[in-house]
Amino acid sequence: MKISVRLHLHNTKTNADGSNPIVLEYLIDRVRKRKVLDRCMAIDWDSKNNRVKSRHKKADIINNMLSKELAKAERNVYEIKSGLLSIDDVFGNRKKVTFQDAVDQELKRLEKILCRDSTTKFVLFKNRFQILVLP
């Protein structure tokens, strides 16, 4: 298994305020997993050192946090390579949500905020959909 980690400014994503996310990116067997750590403007990013430039008002705080997160990520990579940790231990294992789970959750939400008539319509829709999907 090949695994590596790097820190960079994600230039292709731009937030509404013009800032870009600072991303910790794991590359595991050519599959990327990204974790957004913070964000900053592109002009405040030092691409040579992969740190926020010192002219930014919170540069020390952000750079310290970036160093800690990168060190933690590199330690995780070492432990995965040595077999002490699995990838699921580092990233967690998300429960897959089925359409049925989503419909049930939405039904509970509607029951809390809407009148009974609306939830009744949603239950009828759910039942019709089950008839169409399930043989």
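The values are calculated or read from the model by the stated rules, or taken from the named source; none is laboratory data. Because the structure is predicted, anything quoted here is derived from the model rather than measured. Ideal geometry is used to build each Cβ from the backbone, glycine not excepted, and the neighbour counts take in all protein chains shown. Only protein heavy atoms, including side chains, enter the accessible area calculation; ligands, DNA and RNA are left aside. Shrake-Rupley method; radii C 1.70, N 1.55, O 1.52, S 1.80 Å.
Here is how the numbers come out for the structure above:
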item	result
Computed accessible area, residue 31, all protein chains, 1.4 angstrom probe, square angstrom	80
Where only C-alpha atoms are counted, convex hull volume of the stretch 10-112 per residue in Å³	190
Extended-chain gain in nm, criterion 0.36 nm per residue less alpha-carbon gap, residue 47 and residue 81	9.5 nm
Listed pairs 35/108; 33/58; 35/96; 13/48; 13/72; 53/81 exceeding 22 Å between Cα atoms	35/108; 33/58; 13/72; 53/81
The stretch 28-75: trypsin sites (Lys or Arg not before Pro) falling in loop per DSSP and having at most 15 other Cβ within 10 Å	30, 48, 53, 55, 57, 58
